[in-house]
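Please read the structure below before turning to the comments.
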Amino acid sequence: MADSVAASVAASMAERRSPAAAFAARFEAASAGGGLRLAEIPFLTQINLRVDPKSPAAERIGTAIGVPLPVEPGTAAGGGDLEVLWLGPDEWLVVGPDGAAPGLVERLTEAADGEHVSVVDVSAQRTTLVVAGDRARDVLAHGCALDLHPRVFGPGRVAQTMLARAGVVLVAGADGFRLLVRSSFAAYVAEWLLDASVEYVAGG
Amino acid sequence: MSERSERTGGAAAQPHRREGASGRVLRFRFDGREYEGLEGDTLASALLANGVRAVASSIRLGRPRGVYAAGSEEPNALVQIEEPFPEPMLQATTVELYDGLVATGLPGQGRLADRPDPARYDAVHAHCDVLVVGAGPAGIAAAGVAARAGARVILADERPEPGGSLLGTAETLDGRPGREWAAEEVAALAALPEVRVLRRTTVLGHYDDNHVIAVERRTNHLGAAAPADVARERVWRIRAGRVVLATGGHERFVAFAGNDLPGVMLAGAARTYANHYRVLPGRRAVVFTTNDSAYAAALDLADAGVEIAAIADVRQAPGEAWAARCAERGLEVLTGHVVTAAKGEGEVSSVEVASREGGQAREIPADLLLVSGGWTPVVHLFSQAGGTLRYDEELGAFTPGETRQAVEAAGFARGVRTLRACLEDGAEAGRRALAAAGFAVPAGPAVPSGTAVPSAGEEPAAAPAEHLWLVEAPGDGGDYGTHFVDLQRDVTVGEVLRAVGAGLTSVEHVKRYTTAGTAHDQGKTSGLLTGGVVAHALGVDVAELGTTTFRAPYTPVSFAALAGRDRGPLHDPVRVTAMHEWHVARGALFENVGQWKRPWYYPRRGEGPGEDPGEDMEAAVLRECRAAREDVAAMDASTLGKIDVVGPDAAVLLDRLYTNMMSTLKVGSIRYGVMCRPDGMVFDDGTVIRLADDRFLVTTTTGNAAAVLDWMEEWLQTEWPDLRVCCTSVTEQWATVALVGPRSREVLARLAPGLAVDNDSFPFMTWRDAEVAGIEARVCRISFSGELAYEINVSSWSGLALWEAVMASGEVTPYGTETMHVLRAEKGFPIVGQDTDGTVTPQDLGMEWIVSKKKADFVGKRSFARADTSRPDRKHLVGLLPEDPGVLLPEGAHLVETSALPEPPVPTLGFVTSSYRSAALGRTFALALVSGGRERVGERLYAPVGADLVPVTVTSHVLYDPEGARRDG
């Protein structure tokens, strides 16, 4: 029984295709020079959480997932298995590893304990693109109006902003940036990133 | 070539090149003739070196024009680059020379390229604590102070090398040429980690919040050698904490007869050509000045070998030190004199000089006339940024006044005259910028230690300038017809006088009447002069008149640069579904729906060479429709908007936003709903799925997904903040396959063996969780075609897998949006935005049933009590059957009552909103909005199409299966 469940899960996992899957080879080629790394991190768990930050539910949720919900605008908390991104005064995105969605939804809902919260699995709503390396800021500056200087937008900063003509959630990490991109925009953003990178990868 | 490249500039090849000029020889062609220039030349300096005087001709009068200035203020020398790539309307003074350049002079107007531009262009956002515009002495000093304290600094300068005024003068700093000092200082700054030096970068616009736009010309100067992967031009969008405008000044000329002849040149420009470019712009010169600055030019040119025939100074008392130097050199200074005319055929051959007291004019042979009417601070950006200007009496020009932004001018841009003072002024501006940016300001004297403010040589004490705008000798014809104030627009004093004579007293009005100052040089040399002439004519002070408004761009900018990379496939985002690759591989044609690409139809490809062209759209759509009505077909419906509405008050919110009741919907069921605006007009429609007591999934039309979410948020945030509801977009969380047709149940049963699909277990307008093709799915029994149909929703990661599973057996026909439109139209289902236009109520659409009579309130309810919404002659959605079943009415066609058109205005009853060929009906049909349409069913109307009036019969809008017998299979 357990085997057949595992087999069926494996079968359905094998059929998944991430929104930027078609770009894997071109991302790799663009990353070969070393100055820039482009990649997709597919299938991350993403849960949209809406809750009153001053409510007991918010506190219980923080305890339940081991990451207090960050209340400073534009910041992220956590960073181990789970990371919580501030999206608005009562809105967060809880990001976890592939396959964590069902358990996470349950933990969040249980921690709310009947109080009004909204827990929505949006894992497939956006995919995650990595823009890292020494030239990452140069590439992003072609399409992002925010100041990404480490003094201003260092590790742990989050913004909902535009990259070129697509809305993205931009997360600064110790090793470059992550872009959470709507799945239908992934191909556009991937093409845009590759095009913006031409000057930084061509001829080393 | 290699042997040439080592050679110094040959005097024979470049007769006006000064001795000792060195550099790589570059070959270029101008107006069909081959020339040589030197590396570092502009096209203008290279032409002057070759003795080319007339470079272009003027736009209106066709008069020959030569190089007038040495920078971006040039009004005359307009050229078009022909090779390596056509670029119109460039100033020869700003085109850097390169090997293989081919250019032509322009008659005031260029030509657009007739081939696509292969170059890359891009844009970049940048942020800094301090932006310094202009890398002259003041700008370098300001940037140096700010940069060395650790501030993030951008130093932008439009020229290829830093130095500003130092490039044209022979001034020394710390005993070495100013040009060298500037180069070394800027190189040192560029090496600092937080400093960005932008060369060849023109700041074009200065907007609120110190948002500054600049364009960097990155590879234009490399010609054909430009690397293809480097953007040719780059637009910089800069946010600066503080801006220091060290933009220097422009010399202006004086209005006298023939002041546009080739050979007439600004004195400072001639000095730059002699000192910087090592070119002699003429052999024998007359100098005409209102101020001391032209003396330095005259002396430098004399040193370079130009014979200075005379200096006509409008003043009785020029600077004593300058007069002494001239006397020393034997140069004749005519005080109290003006140039009354420049004369010559096609170029200057003599200059007429006269005393201002009167008496006989003297004609002096000369091929060069250097003019200085004084210097105007470059206040464009300060003014664009919202700063006021004030008239500086001593300078005879406007200088920066008050500003609401964190911006200041430094150096000559705010009227500071001497080199030493400009350096100190720049350093002070740098210190203020640092303080404003929150940095510790280096302690010490006005010039901070550690900043190289070099010692400049002592400059002679200046004598005051006299502000003369117009030489009152009207010239041949006596009408001031060759006293030009705007060279690029061919505007003369005569025209300005006519404007004033016509009663225009404002410089803005004179500008519009005469076009002075509206050319692409934006009146850099002419603006103040025009004002001066107007003031003279009105007998008022220039200060009173003020200036015309300064607007971006400071210099012309190419559309290619502004477009940047936003062209071709990157022009606008293309949104695609998880199944897109399959559709492409299958040869679907796509329809744009908002930013989405949706499969439009899937033509069967022709087989074999030549014989079989494959299907056209009509054949494909008829085939797809038939499959959906008679067999089984599937469509990618993933683009529909989807919103999770969660919270204890979710049902209350939906009751208030939809016209029908949603709170009574049972968990597990689905209801169709319509949303109206407060005016009662249809805004969107879709289905509502109840997932739990406190959880709904709302679907919207593809194009309205974002608007509906905004609509919900607007009501929640502004009107009903008490409701405990959250709305979250899940449009792309889900991929959706619509499985349609009498055999859809059979196909679904095979794909989802665990799901009871019979009508009792899974009735219409309910949903079930199930595993479909091994994928977790939510299956909804919804139909937009009237047929038995299902919408299968899976995680968008699995969308392609689901689609492939549905298609695997080969029995399911894929169909696109065109077929969807036909199927729904046959059933009379409206498409919001196609069959509605914001003036249509649910009742107009024949959907009284969807407007609740029970609910206390909902958005739009009140409007249904207005007399207007129950007028009997409102336009109703009806069906139309052309009497000839083969005639397809054009969408948008109007409808009239009579078989012949009356005299206009023709009363029209309405118009066609949708029109198709129907496989099911075996004929064409249409939907239309027709005044009192429901009362006209059975009537014959006429649609004017071209010259014909096509007879049509009005029918119910439901043309197919009106009993709804087919939805259960």
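Just a few scattered comments:
- Some residue of the stretch B:525-542 being crowded, with 18+ Cβ neighbours inside 10 Å and in a loop (DSSP other than H, G, I, E, B): yes
- Scan of the stretch B:766-794 for residues that are in contact with a Phe, Trp or Tyr (Cβ under 8 Å, 6 or more places away or on another chain) and more than 13 Å from chain A (Cβ to nearest Cβ), ordered by number: B:Arg768, B:Val779, B:Cys780, B:Arg781, B:Ile782, B:Ser783, B:Phe784, B:Gly786
- Residue that is surrounded by fewer than 17 Cβ atoms within 10 Å (Cβ to Cβ), modelled with pLDDT under 95 and within 17 Å of B:Ala255 (Cα to Cα), where the choices are B:Glu508, B:Glu472: B:Glu472
- Single residue of the stretch B:850-872 satisfying the filter (exposed (fewer than 11 other Cβ atoms within 10 Å of the Cβ) and touching a residue at least 12 places away in the same chain (Cβ under 8 Å)) that is nearest to B:Thr664 (Cα to Cα): B:Lys854
- B:Cys727 vs. criteria facing chain A (nearest Cβ under 9 Å) and touching a residue at least 12 places away in the same chain (Cβ under 8 Å): yes
- Hits in the stretch A:95-110 (condition: more than 19 Å from A:Ala57 (Cα to Cα) and either within 14 Å of another protein chain (Cβ to nearest Cβ) or surrounded by fewer than 21 Cβ atoms within 10 Å (Cβ to Cβ) (or both)): A:Pro97, A:Asp98, A:Gly99, A:Ala100, A:Ala101, A:Pro102
- First in the stretch B:899-914 and more than 14 Å from B:Val952 (Cβ to Cβ) and surrounded by 21 or more Cβ atoms within 10 Å (Cβ to Cβ), second anywhere and among the hydroxyl-bearing types (Ser, Thr, Tyr) and modelled with pLDDT under 95, Cβ under 9 Å, 6 or more apart: none
- Screening B:Gly438, B:Gly411 for residues that are at pLDDT below 95 and on the phi > 0 side of the Ramachandran plot leaves exactly one candidate, B:Gly438.
- Condition broken by B:Ser526, with the remaining ones in (1) closer than 27 Å to B:Asp208 by Cβ; (2) at pLDDT below 90 satisfied: (1)
- In the set B:Gly686, B:Gly680, only one residue is surrounded by 21 or more Cβ atoms within 10 Å (Cβ to Cβ) and more than 20 Å from B:Phe784 (Cβ to Cβ); that residue is B:Gly680.
- Counting only helices (runs of 4 or more DSSP H) that sit wholly inside the stretch B:569-673, those with at least 1 residues that are within 23 Å of B:Phe762 (Cα to Cα) are B:617-630.
- Subset of the stretch B:731-744 (residues that are crowded, with 21+ Cβ neighbours inside 10 Å and either assigned to a loop (DSSP other than H, G, I, E, B) or not hydroxyl-bearing (Ser, Thr, Tyr) (or both)): B:Thr731, B:Glu732, B:Gln733, B:Trp734, B:Ala735, B:Val737, B:Ala738, B:Leu739, B:Val740, B:Gly741
- Single unsatisfied condition, B:Asn592 versus (1) under 30 Å from B:Gly860 (Cα atoms); (2) more than 12 Å from chain A (Cβ to nearest Cβ); (3) among the polar types (S, T, N, Q): (1)
- Exclusive hit being in a strand (DSSP E or B), among the charged types (D, E, K, R), away from chain A (no Cβ under 14 Å) and under 31 Å from the mean Cα position of the chain (by Cα), set B:Arg242, B:Arg234: B:Arg242
- Answer from B:Arg115, B:Arg60, B:Arg53, B:Arg111 - the residue that is closer than 26 Å to B:Asp229 by Cβ and not in a strand (DSSP E or B): B:Arg115
- Within the set B:Asn275, B:Asn259, the sole residue that is among the polar types (S, T, N, Q) and either in the same structural domain as B:Ala170 (by TED's automatic domain parsing) or closer than 27 Å to B:Glu357 by Cβ (or both) turns out to be B:Asn259.
- Where B:Leu204 falls short, out of the listed (1) in contact with a strand residue (DSSP E or B) (Cβ under 6 Å, 6 or more places away or on another chain); (2) over 20 Å from B:Gly411 (Cα atoms): (2)
Table: residues versus (1) buried (at least 20 other Cβ atoms within 10 Å of the Cβ); (2) away from chain A (no Cβ under 14 Å); (3) within 33 Å of the chain's Cα centre (by Cα); (4) not aliphatic (A, V, I, L, M).
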residue: B:Ile140; (1), (2), (3), (4): yes, yes, yes, no
residue: B:Val153; (1), (2), (3), (4): yes, no, yes, no
residue: B:Ala156; (1), (2), (3), (4): yes, yes, yes, no
residue: B:Arg159; (1), (2), (3), (4): yes, yes, yes, yes
residue: B:Ala170; (1), (2), (3), (4): no, yes, no, no
residue: B:Glu180; (1), (2), (3), (4): no, yes, no, yes
residue: B:Leu189; (1), (2), (3), (4): yes, yes, yes, no
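Residue-by-condition table, conditions (1) buried (at least 17 other Cβ atoms within 10 Å of the Cβ); (2) modelled with pLDDT under 95:
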| site | (1), (2) |
| --- | --- |
| B:Leu266 | yes, no |
| B:Thr290 | yes, no |
| B:Ser293 | yes, yes |
| B:Val333 | yes, no |
| B:Gly336 | no, no |
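- Qualifying residue in the stretch B:749-761 (condition: touching a residue at least 40 places away in the same chain (Cβ under 8 Å) and in contact with a helix residue (DSSP H, G or I) (Cβ under 8 Å, 6 or more places away or on another chain)): yes
- Count of residues meeting criterion [assigned to a loop (DSSP other than H, G, I, E, B) and among the aliphatic types (A, V, I, L, M)] in the stretch B:834-875: 6
- Tally of residues being free of Cβ contacts under 8 Å to residues at least 60 places away in the same chain and surrounded by 21 or more Cβ atoms within 10 Å (Cβ to Cβ) across the stretch A:84-94: 3
- Unique match (being within 11 Å of chain B (Cβ to nearest Cβ), at pLDDT 95 or above and under 21 Å from A:Arg157 (Cα atoms)) among A:Gly66, A:Gly88, A:Gly62, A:Gly74: A:Gly88
- Of the strands (runs of 3 or more DSSP E) lying entirely inside the stretch B:309-424, those containing at least 2 residues that are under 19 Å from B:Leu261 (Cα atoms) are B:337-343, B:350-355, B:362-365, B:368-372.
- Selected residue (only one of A:Asp175, A:Asp134, A:Asp113 is more than 10 Å from chain B (Cβ to nearest Cβ), surrounded by fewer than 18 Cβ atoms within 10 Å (Cβ to Cβ) and under 15 Å from the mean Cα position of the chain (by Cα)): A:Asp175
- Single unsatisfied condition, A:Ala145 versus (1) out of contact with any helix residue (DSSP H, G or I) (no Cβ under 7 Å at 6 or more places or on another chain); (2) crowded, with 21+ Cβ neighbours inside 10 Å; (3) under 28 Å from B:His571 (Cβ atoms); (4) at the interface with another protein chain (Cβ under 9 Å from one of its Cβ atoms): (2)
- Residue match in the stretch B:672-680 (condition: within 12 Å of another protein chain (Cβ to nearest Cβ) and touching a Pro at 6+ places or on another chain (Cβ under 7 Å)): no
The values are calculated or read from the model by the stated rules, or taken from the named source; none is laboratory data. Bear in mind that the values here come from a model prediction, so they are computed numbers and not experimental data. All Cβ positions, even for glycine, are placed from backbone atoms using ideal geometry, and neighbour counts span all protein chains on display.
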